[in-house]
Amino acid sequence: MTLLTSAPAFATGDILTFGADHAPHSFIVYSGGDDDGIGGLVVYWPKIAARSLPAGSTKWDFNREANELRVTFTNPGRNDLPPSFTLEIVGKRGTLTYGKRVLSGTTTWMSGPLKGY
């Protein structure tokens, strides 16, 4: 199991998880902390050693009112990091796309105003 992190969480409001239905990829996202509302990201990616994602390698679009989140990671050409990926969440479902792979999965909103959604 791999733990990759991006941007430390200074405060949290919403916490959500995403797990791919038929693959070991999963994410935990914390809101709060930064101006864009994102506090941090924890990524579990198979066959990649635990390390931080490089600063500036992720782009966030979070629309709490619509229960939507999009995270885009751009790999700067390093083999010790996951490939570039996009995680898109709408409500209780999400899609992880990297290369030609598209993995569907389930989202759980664990805290904040969307808890229990």
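The values are calculated or read from the model by the stated rules, or taken from the named source; none is laboratory data. This one's a predicted model, so the numbers in the text were calculated from it and none came from an experiment. We place every Cβ from the backbone using ideal geometry, glycine too, and count neighbours over all the protein chains shown.
For segment 31-51, give me each residue that is at pLDDT 80 or above and either surrounded by 19 or more Cβ atoms within 10 Å (Cβ to Cβ) or part of a strand (DSSP E or B) (or both).
Across segment 31-51, the qualifying residues are Leu41, Val42, Val43, Tyr44, Trp45.
Name the pairs whose Cβ atoms lie under 9 Å apart, with the first residue in segment 20-48 and basic (Lys, Arg), the second at pLDDT below 90, and 6 or more positions between them or separate chains?
Filtered contacts from segment 20-48: Lys47/Thr2.
A quick yes/no check of all residues on (1) in a strand (DSSP E or B); (2) modelled with pLDDT under 95; (3) closer than 23 Å to Gly56 by Cα:
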{"residue": "Arg70", "(1), (2), (3)": "yes, yes, yes"}
{"residue": "Arg78", "(1), (2), (3)": "no, yes, yes"}
{"residue": "Leu81", "(1), (2), (3)": "no, yes, yes"}
{"residue": "Leu87", "(1), (2), (3)": "yes, no, yes"}
{"residue": "Thr97", "(1), (2), (3)": "yes, no, yes"}
{"residue": "Leu103", "(1), (2), (3)": "yes, no, no"}
{"residue": "Thr106", "(1), (2), (3)": "yes, no, no"}
{"residue": "Trp109", "(1), (2), (3)": "yes, yes, no"}
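If Thr5 satisfies all but one of (1) modelled with pLDDT of 90 or more; (2) of a type in the set (S, T, N, Q); (3) part of a strand (DSSP E or B), what's the number of the condition it fails?
Answer for Thr5: the failing condition is (1).
Which of the residues spanning segment 52-88 are at positive phi and surrounded by 12 or more Cβ atoms within 10 Å (Cβ to Cβ)?
Result: Asn67, single match.
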